[in-house]
Amino acid sequence: MITLQDYFGDKPHPTEYNLNALTLLYRVNNLIAAYTTDTGKMPEINPITGSQVSGSKGGDGGFRLPTSTTGSSKSAHKLGMAIDLYDHGEHLDKWLDAKPDALIKYDLYREEPASTVNWLHLSSRKPLSGKRTFKP
Ligand SMILES: [Zn+2]
């Protein structure tokens, strides 16, 4: 289970972003639980972050500060509305390819697997295309 602490770390953020992140993590944790129920496997823990969050410790897999230069300047990570999950081997991506309805059920959007090798970007913010799986 991914916690607010896993997501924000020590990064200062407006209080209202806690609600964004709680909404995001509620959906993501439920999606992960569905993956585990379906496959009998737990998603791997990133040995660097010590959680299911991708990237480096204190890095940009969870919340991103307004000054972060990782990804898009208007990234949903900067609003507490997106997360990168560690997905070495693309297990979660392959499961979502086979079960695309899970994105609808948990009301999440993901970047296309080809753009996220060894991680999985999930967002609670609908992209302009409205597609559940979109090109960044
Ligand atoms: Zn991302």
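A short reminder: the numbers here are calculations on the coordinates, not readings from a lab. Computed from a predicted structure; not experimentally measured. All Cβ positions, even for glycine, are placed from backbone atoms using ideal geometry, and neighbour counts span all protein chains on display.
Counting only helical runs of four or more DSSP H residues, what would the 222 nm mean residue ellipticity of the chain come to if each run contributes -39,500 (n - 2.57) and the total is spread over all its residues?
The per-residue figure over the chain is -9000 deg cm²/dmol.
Neighbouring Cβ atoms within 10 Å as the yardstick, rank 91, 13, 121 fewest first. Could the numbers behind the result be given before it?
Details: 91 15, 13 18, 121 24.
Fewest-to-most ranking of 91, 13, 121: 91, 13, 121.
As an exercise, take the mean of 1/r over every pair of distinct alpha carbons in region 77-136, invert it, and state the Kirkwood radius in angstroms.
11.5
According to the Kirkwood expression over distinct Cα-Cα pairs, how big is the hydrodynamic radius of the chain, in Å?
Taking every pair of different Cα atoms in the chain, averaging 1/r and inverting gives 14.7 Å.
Under 15 Å Cα-Cα from residue 131, which aspartates and glutamates qualify once same-chain neighbours fewer than 8 residues away are excluded?
Within reach: 97, 101, 107, 111, 112.
Leaving out same-chain residues fewer than 8 places away, which lysines sit with a Cα under 29 Å from that of residue 11?
Here the lysines satisfying the reach criterion relative to residue 11 are 57, 74, 78, 126, 135.
Treating the beta-carbon of each Lys and Arg as +1 and of each Asp and Glu as -1, no other charges, what is the dipole magnitude of region 4-134 about its Cα centre, to the nearest 20 debye?
340
Over the chain, what is the relative contact order in whole percent, taking alpha-carbon pairs under 8 Å and six or more residues apart?
23
By how many degrees, between 0 and 90 and to the nearest 10, does the Cα long axis of helix 16-39 differ from the longest principal axis of the chain?
Once rounded, one gets 20 degrees.
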